[in-house]
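K.L.:
Input: one structure, supplied below.
Bear in mind that the values in this text are calculations on the coordinates, not laboratory data. Just so it is clear, the structure is predicted and the values come from calculations on it, not from any experiment. Glycine gets a Cβ as well: all are built from the backbone with ideal geometry, and neighbour counts include every protein chain shown.
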Amino acid sequence: MSVALRSQTATIAKQPSNAADTQDESDVSALIARLTAEVNQVACEKTKSIQKITNQMKMLALNALIESSRAGAQGAGFAVVAQEVRNVGQQVETIARELESQLTNRTGNLMNSIAQMADRSRGERMVDLSLNAIELIDRNLYERTCDVRWWATDSAVVDCAAAPQAAAVSHVSERMAVILGAYTVYLDLWLCDLDGNVLANGRADRFGVVGQNVAQTKWFRAARALRSGDDYAVGDVECQPLLGNAQVVTYCASVREGGKAHGKPTGVLAIHFDWEPQARAIVQGVRVGAADKARVLLVDSNFRVIAASDGQGMLTERISLALEGRRSGFYQDRSGTMVAFHATPGYETYRGLGWFGVIQAGAT
């Protein structure tokens, strides 16, 4: 991993404030929900106790009425008292039932509101983490666009593209090997002529690509069409057969006469970003908790999984995102999984490739 990528990964890891604030909010919401549930339980228990007592009062009043009727005229006064006790008991029972109903409704509404607030807070946190992931890869890939345009002006590259003699090929291969020694995020660097033939590479001891033709690749065709040395081209994340089927993102720039931005094109420089380990470090470094049961993803513009924290579905799985015209948001899918997403915002002059950071989180 390059120093830049390690630094950026550390930057994400050192962002506890928002996560801590959200955790505090979650803790407070959980506490309020628990206390509300306890109040609801206590209210129900107490109203049931009141109802039990009033039932006893009503039973005693009924017995008193029976006894007063047996006493005849002498029990008439006592019958009045017993009837009043019975009436009071019925009133208390009615009040207890109304109290239980009102408390249950209100505490139920409060608990639902708290649950909705907790879900919204969790969803917003997941959206922020999705943004962190896609921002980190954007910043990293922005550097790749700078690298390829810079190295395309290297004198060894320019000279070899103009006159690919044996000495020039040997020199540029050595030069590219030096670059690869310092920039460990790349698998290989290739210098191609305008017909797509690989003239030289930086790791000839590992990859025997010299003489191979890449004219039909998407990234080479895009590079051939570049209008100046200030522009770049990029391919999709792919398994590159000439690099042992490693997952790479290939960035290209045109090599031009004299290394000048508007000089005549003489070749194409292709740099192969070692995608899988770098992307894995990003998605596995996102600060989701174990309780979130979350899967962190990067997906391309066709919703193809190009990075996954669980290592599953790489370059084969396509997910369904309910964007509804949004660049960011969250929702629950049919299975109850929370899905949070954020589109690439780009970085500096790098507009991004239409990718998304996505988090699929299970129920807590």
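K.L.:
In terms of modelled amide H atoms, which long-range or inter-chain residues lie less than 5 Å from the amide H of ILE306?
P.N.:
For ILE306, whose amide H was placed from the backbone, the distant partners under 5 Å are LEU298, VAL299, ASP300, LEU315.
K.L.:
In which sequence would TYR347, TYR232 go, from the one with the fewest C-beta neighbours within 10 Å to the one with the most?
P.N.:
By the 10 Å Cβ count, ascending, the order reads TYR347, TYR232.
K.L.:
Roughly how far apart, in whole Å, are the Cα centres of region 173-247 and region 99-159?
P.N.:
After rounding, the separation between the Cα centres reads 33 Å.
K.L.:
Right, another one. Can you list residues whose amide H is under 5 Å from SER228's amide H, if they're 5+ apart or on another chain and H is modeled 1.01 Å from N?
P.N.:
Under 5 Å from the amide H of SER228 lies no amide H from a residue far enough along the sequence or on another chain.
K.L.:
Taking amide hydrogens as modeled 1.01 Å from N in the peptide plane, which residues meet the under 5 Å criterion relative to VAL255, leaving out close sequence neighbours?
P.N.:
The answer is THR266, GLY267, VAL268, LEU269.
K.L.:
Multiply the residue separation of CYS44 and ALA291 by 0.36 nm, subtract the distance between their alpha-carbon atoms, and state the gained length in nm to one decimal.
P.N.:
Full extension of this stretch gives 85.8 nm more.
K.L.:
If you don't mind, another one. Listing THR184, THR107, THR94 from the residue with the fewest other Cβ atoms within 10 Å to the one with the most, what is the order?
P.N.:
THR94, THR184, THR107
K.L.:
Where a Cα-Cα gap under 12 Å defines reach, which aspartates and glutamates qualify for LYS218, not counting those fewer than 8 residues away within the same chain?
P.N.:
The qualifying aspartates and glutamates are ASP236, GLU238.
K.L.:
Rounded if a/c is under 1.5, else prolate if a/b beats b/c, else oblate: with a ≥ b ≥ c from the C-alpha gyration tensor eigenvalues square-rooted, which is region 117-163?
P.N.:
Here region 117-163 falls in the prolate category.
K.L.:
How large is ³J(HN,Hα) for each residue in region 314-324, as worked out from phi by the Karplus curve 6.51 cos²θ - 1.76 cosθ + 1.60 (θ = phi - 60°), to whole Hz, x for Gly and Pro?
P.N.:
Result, rounded to whole Hz: 4, 6, 10, 8, 10, 9, 9, 10, 8, 6, 6.
K.L.:
Can you put VAL268, VAL148, VAL127 in order of Cβ neighbours within 10 angstrom, beginning with the fewest?
P.N.:
Fewest to most other Cβ atoms nearby, the residues stand as VAL127, VAL148, VAL268.
K.L.:
Listed highest first by mean packing, meaning other Cβ atoms within 10 Å per residue, what order do 288-298, 324-334 come in?
P.N.:
Ranking the peptides 288-298, 324-334 by packing returns 288-298, 324-334.
K.L.:
Can you list the aspartates and glutamates whose alpha carbon is less than 20 Å from that of LYS46, not counting same-chain residues fewer than 8 positions off?
P.N.:
Correct list for LYS46: GLU38, GLU93, GLU98, GLU100.
K.L.:
Check the straight Cα-Cα distances from LYS260 and name the aspartates and glutamates below 15 Å, setting aside those fewer than 8 residues away within the same chain.
P.N.:
List returned: ASP154, ASP159, ASP230, ASP231.
K.L.:
What list of ³J(HN,Hα) values in whole Hz, one per residue of region 288-293 in order, does the Karplus curve 6.51 cos²θ - 1.76 cosθ + 1.60 (θ = phi - 60°) give from phi, with Gly and Pro shown as x?
P.N.:
8, x, 4, 5, 6, 6
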